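The values are calculated or read from the model by the stated rules, or taken from the named source; none is laboratory data. The model shown is predicted, which means the values in this text are computed figures rather than measured ones. Reconstructed Cβ throughout: ideal geometry from the backbone, glycine too, with neighbour counts over all protein chains shown. Note: accessible area is taken over every heavy atom of the protein model, side chains too, but ligands, DNA and RNA are not part of it. Shrake-Rupley method; radii C 1.70, N 1.55, O 1.52, S 1.80 Å.
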Amino acid sequence: MKIGLLTISDRGAKGDYEDRSGPLMAQIIGTNTAWEISRRSIIPDDFDTIADTLVAWSEEGLDLILTSGGTGFAPRDITPEATTSVIERRAPGIAEALRAESLKITRHAMLSRGTAGIRGTTLIVNLPGNPKAVRENLDVLLPVLPHALELLSGTPGSENKHRSI
């Protein structure tokens, strides 16, 4: 599986702020999977830049793009809107599950507006920018990603793996 990790932060893109969520995503993916991190970048909270990057990376054949940042209530937090503009099919259960599990930890989780969806055969998932929240969200997401990505890629027999917890 080929993965893209995209940090969305005005300050991070300018170099005024050290990105901690991107390296953490890479460390968690590297420790828990054999997946290849094919792309990593830090970009500003700019609608067109976000959308164009997601489109380009999905067209490169990435299986999964994880974004970090821009999912809150601040005026420049537009990651969900940019993501929604490029996805072809929504995956609301992912965002719902991430928020539901996060609500067990903090009430502020209800302020997360992250979304998830599919463009072609690429799954795109928005994560919060806070490193603690990134870790907590990946703890929820990682166990289901192999199956989700198999289904997206059309791996024969993948639909037979549906099972209850």
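Restricted to the stretch 1-33, and to residues there that are in contact with a Phe, Trp or Tyr (Cβ under 8 Å, 6 or more places away or on another chain) and in a loop (DSSP other than H, G, I, E, B), the residue that is least open to solvent (accessible area, probe 1.4 Å) is S9.
Among the residues of the stretch 34-51, is there at least one that is touching a residue at least 40 places away in the same chain (Cβ under 8 Å), farther than 22 Å from A148 by Cα and either open to solvent by less than 60 Å² (accessible area, probe 1.4 Å) or small (G, A, S) (or both)? Yes, the conditions are met somewhere in the stretch 34-51.
For the stretch 52-62, what are the residues that are surrounded by 15 or more Cβ atoms within 10 Å (Cβ to Cβ) and out of contact with any Gly (no Cβ under 8 Å at 6 or more places or on another chain)?
T53, L54, V55
Only one entry of A116, A56, A100 meets the criterion of being without any contact (Cβ under 8 Å) to a residue 12 or more places away in the chain, closer than 22 Å to D46 by Cβ and not hydroxyl-bearing (S, T, Y), and that entry is A56. Restricting S41, S21, S68, S9 to those that are of a type outside the set (A, V, I, L, M, F, W, C), under 16 Å from the mean Cα position of the chain (by Cα) and farther than 24 Å from M110 by Cβ reduces the list to S41.
The strands (runs of 3 or more DSSP E) found entirely in the stretch 51-165 that carry 3 or more residues being closer than 30 Å to R11 by Cβ and in contact with a Ser or Thr (Cβ under 7 Å, 6 or more places away or on another chain) are 64-68, 122-127.
Just to be sure before I move on: is S21 among the hydroxyl-bearing types (S, T, Y) and under 20 Å from A133 (Cβ atoms) in the structure I sent? Outline the logic, then answer.
Numbers: among the hydroxyl-bearing types (S, T, Y): yes; under 20 Å from A133 (Cβ atoms): yes.
Yes: the conditions hold for S21.
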